[in-house]
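Since the structure comes first, as structure tokens, the remarks are kept for the end.
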Amino acid sequence: MKKWIILWTAALCCAFEMNAKVELPRMFQNGMVLQRNKPIPVWGHADAGEDITVTLNKKKVQTTAGSDGRWRVDLPQMKAGGPYELTVNDVTISNVLIGDVWLLSGQSNIDVTIERVYPWYTKDIDSYENPQIRLFRVQNQTDTHGVRNDIGATNINWKPVNKENAWFFSAAGYFLGRRMFEKSNVPQGIIVNSWGGTPIEAWISADSLSREFPMLVERTRLYQSDDYVRSQQMANMRMNNQWSMLLNEKDPGMKNTKVGGETSDVCPLFTALGYDDSQWQKVEQFSMEWAKIGGRGIVGSIWLRQHVTIDKAHAGKPARLLLGTLFDSDVTFVNGRQVGSTGYQYPPRRYDLPEGLLREGDNVITIRFINKYGIAHFIPEKPYLIAFGDDRLSINPMPADVIPLSTTWLHHAGAEMPSCPSADVSLQNLPTTLYNAVLYPLAPYALSGIVWYQGESNVGNPRPYERYLTMMINNWRALWQQPELPFVVVQLANYDGRQQTGNPSPIKPQLTPQNSNWAQLREAQRLVAKKLDNVALASAIDLGETVDIHPLRKREVAERIGLCFDRTVYHDNKVKLMPEIVSTAVEGNAIILTFDQALRPCAELYEFEVAVTSSPAFHNAQARADGNRIIITSPVEGTPSRVRHAWKDNPTRLNAYSQTGLPVGPFEITL
């Protein structure tokens with residue numbers, strides 16, 4: 001018996017040794033892109049003391065796993081090329097390209113997908129595919145305890161660029177990959193690691209934050225009880241379910257009825273085409289009064305209906321219903337059939353109407369608004385229409401064959417509800433949690449450069465942002481052990497968050513000097529780019545939308561990011577970036593700003609303001625462009641002491657540009 005036990009144990013040990021396998025980070029997968037012209041780190045885990053052999057493109061490097069099982073090698077730098085095989089002992093990764101690798105991080109304007117911006121670039125996206133550009137999306141995860149050794153999930157992989165693979169990928173990343181490939185003609189790897197709504201503090205290490213902001217780290221430690229977090233998340237989910245169930249029970253419009261009596265299908269009562277809505281109240285679309293009770297926003301549901309007459313030529317044709325953007329949640333029906341729903345305010349409502357749904361004559365659109373807070377409303381300056389034809393998916397240009405919707409709707413109350421109780425356990429918004437879970441594990445994957453597009457979630461308190469951003473860049477550079485790793489900071493786009501209160505005309509521009517948190521945060525971004533080496537600023541100040549915090553023109557943003565990398569990575573000094581002030585002078589009541597390049601001639605520039613020594617108040621000032629100078633005339637008596645430009649949330653009148661078409665970005669300087 002002892003002999004058999006010994007033999008059996010020996011066999012198990014042999015089997016274990018035969019099956020022992022090195023583990024690589026989850027980024028190391030078929031189709032990956034590795035960085036050219038730099039040493040290529042490859043790392044992972046194995047049994048302690050195991051010999052590791054790494055081979056790529058006829059280059060071989062060996063090492064031994066340490067006592068903790070960790071190992072790392074650096075392959076020698078290589079030129080662009082491939083596809084190759086990367087082998088690590090008995091693990092083989094195929095279809096590996098060597099080229100340029102870019103990391104894009106931040107919040108929702110990095111998250112915005114090709115699906116979202118597609119109507120702006122339909123034909124371009126439809127016709128493009130390129131196996132030399134590979135996309136990798138890091139899955140969102142958090143950690144309140146400390147850094148992780150690897151990113152989570154096993155269902156993520158590198159994908160070549162085509163419409164299908166890019167559909168739910170970052171539009172900024174997609175267009176940057178295309179732009180940099182066209183510039184360099186070498187393979188491109190785009191790594192996107194972002195999370196909508198997150199503040200910059202979530203992306204900074206605990207060690208860095210604790211030196212200056214120790215209480216931020218303590219705040220995260222309050223959530224280190226995994227049992228509490230799970231139980232609270234479960235409680236919130238159950239409360240939301242309970243709230244929704246009670247809302248549906250109370251809502252008179254949710255009673256089921258047959259669709260037109262013609263089939264056995266049923267739909268909510270208020271959505272049926274044959275429902276008698278003759279007693280419903282008429283309301284104007286852009287007035288919020290229909291969404292209030294006692295002067296406050298209704299929490300619960302509200303129903304709106306609109307009848308649309310479809311002629312014979314359009315009846316039965318497939319179409320697309322554009323309902324702009326709505327606040328907050330909606331479920332939308334056409335002729336009793338649900339055609340779409342959106343759970344929060346930001347996505348545009350683009351609902352496809354299948355062939356046969358629209359009938360000749362009377363048709364009805366029904367919107368069920370659901371709000372847990374705030375005031376239900378339509379966002380102005382957005383398209384509200386039904387589009388037909390092969391170009392119905394485009395908004396640039398708008399489709400040729402459209403039926404505009406009326407701004408008059410029929411209104412009926414739904415169910416008023418108490419607010420939905422919940423406790424905030426959004427771990428992604430806590431300091432350090434994203435650095436721990438999804439940033440730290442990416443290093444030391446070799447990169448060409450990093451894009452940082454974030455700040456909207458910090459505009460409530462912009463004062464510490466300059467310090468945060470400086471800290472974060474230094475933090476990440478130390479993690480990659482590259483003190484001059486190129487960064488491009490995307491300066492926040494113009495945006496006006498004010499909402500209308502009954503006037504259907506567009507929001508009026510801000511014409512007088514403002515105390516703007518958005519401007520203060522943009523200034524922090526500018527100052528960091530100015531003081532840190534190899535950090536460039538790509539301004540989106542003229543690419544935003546007045547009423548949309550997620551503007552669609554991401555290809556233009558990517559082009560400006562690419563220009564910054566042309567300078568910082570490819571060292572192309574012929575490339576002109578945004579105009580920068582190189583000197584200032586005061587001559588009487590005139591301020592002369594000299595820039596590093598020629599500007600577009602213009603006799604009347606807007607969005608310039610001046611303050612004088614005797615008063616802190618700013619005043620609108622006349623300005624003109626002449627060569628590489630802007631001459632500003634102070635409108636008040638006294639010695640000019642400060643000047644600023646585009647110092648508003650939404651400086652729509654900005655018209656100072658370089659001759660290459662880049663804006664003179666926002667700034668405030670002391671003279």
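The values are calculated or read from the model by the stated rules, or taken from the named source; none is laboratory data. Computed from a prediction, not measured in an experiment: that's the story for all the values here. Heads up, the Cβs are rebuilt from the backbone with ideal geometry, glycines too, and the neighbour counts pull from every protein chain shown. Quick note on the areas: whole protein, heavy atoms, side chains included, nothing else; ligands and nucleic acids left out. Shrake-Rupley method; radii C 1.70, N 1.55, O 1.52, S 1.80 Å.
Does residue 278 satisfy being surrounded by 15 or more Cβ atoms within 10 Å (Cβ to Cβ) and hydroxyl-bearing (Ser, Thr, Tyr)?
On the way: surrounded by 15 or more Cβ atoms within 10 Å (Cβ to Cβ): no; hydroxyl-bearing (Ser, Thr, Tyr): yes.
No, not satisfied.
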- Item | Residue ID - farthest from residue 550 (Cα to Cα), chosen from residues in region 298-347 that are small (Gly, Ala, Ser), assigned to a loop (DSSP other than H, G, I, E, B) and free of Cβ contacts under 8 Å to residues at least 24 places away in the same chain | 313
- Query: How many residues does region 178-199 hold that are out of contact with any Pro (no Cβ under 9 Å at 6 or more places or on another chain) and closer than 17 Å to residue 476 by Cβ?
  - Reply: 6
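Give the residue, chosen from 422, 505, that is closer than 30 Å to residue 221 by Cα, open to solvent by 20 Å² or more (accessible area, probe 1.4 Å) and modelled with pLDDT under 95. Don't jump to the end; show me each part of the working.
Numbers: 505 fails: closer than 30 Å to residue 221 by Cα.
Being closer than 30 Å to residue 221 by Cα, open to solvent by 20 Å² or more (accessible area, probe 1.4 Å) and modelled with pLDDT under 95 holds for just one of 422, 505, which is 422.
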- Query: When you go through (1) open to solvent by 40 Å² or more (accessible area, probe 1.4 Å); (2) within 19 Å of residue 354 (Cβ to Cβ); (3) aliphatic (A, V, I, L, M) one by one for residue 310, which number turns out not to apply?
  - Reply: (1)
- Message: With at pLDDT 95 or above, in a strand (DSSP E or B) and open to solvent by 20 Å² or more (accessible area, probe 1.4 Å) as the only criterion, which of 402, 364 stands out?
- Response: 402
- Message: Just to be sure before I move on: is residue 371 open to solvent by less than 10 Å² (accessible area, probe 1.4 Å), among the polar types (S, T, N, Q), out of contact with any Leu (no Cβ under 6 Å at 6 or more places or on another chain) and under 22 Å from residue 547 (Cα atoms) in the structure I sent?
- Response: yes
- Message: Which pairs turn up if I take residues in region 431-458 that are in a helix (DSSP H, G or I) and look for partners that are basic (Lys, Arg) with beta carbon separation below 9 Å, at least 6 apart in sequence or on another chain?
- Response: 436/148; 437/148; 438/148; 440/148; 441/26; 441/148
- Which of the residues spanning region 164-212 are part of a strand (DSSP E or B) and open to solvent by 10 Å² or more (accessible area, probe 1.4 Å)? none
- Restricting region 31-64 to residues that are closer than 16 Å to residue 99 by Cβ and out of contact with any strand residue (DSSP E or B) (no Cβ under 8 Å at 6 or more places or on another chain), which is least open to solvent (accessible area, probe 1.4 Å)? 38
- Task: Output the residues belonging to region 580-620 that are touching a Gly at 6+ places or on another chain (Cβ under 8 Å), within 30 Å of residue 535 (Cα to Cα) and either open to solvent by less than 30 Å² (accessible area, probe 1.4 Å) or not in a loop (DSSP other than H, G, I, E, B) (or both).
- Result: 599
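Only one residue in 443, 478 is at pLDDT 95 or above, over 18 Å from residue 210 (Cα atoms), among the aliphatic types (A, V, I, L, M) and open to solvent by 10 Å² or more (accessible area, probe 1.4 Å), so which one is that?
On the way: 478 fails: over 18 Å from residue 210 (Cα atoms).
Testing whether each residue is at pLDDT 95 or above, over 18 Å from residue 210 (Cα atoms), among the aliphatic types (A, V, I, L, M) and open to solvent by 10 Å² or more (accessible area, probe 1.4 Å) leaves just 443.
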- Being open to solvent by less than 20 Å² (accessible area, probe 1.4 Å) and among the β-branched types (Val, Ile, Thr) is the filter here, so list the residues in region 123-153 that pass it. 125, 133, 138, 144, 151
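The rows are residues; the columns are (1) farther than 24 Å from residue 120 by Cα; (2) under 24 Å from the mean Cα position of the chain (by Cα).
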site: 347; (1), (2): no, yes
site: 364; (1), (2): yes, no
site: 369; (1), (2): yes, no
site: 388; (1), (2): no, no
site: 401; (1), (2): no, no
site: 414; (1), (2): yes, no
site: 422; (1), (2): yes, no
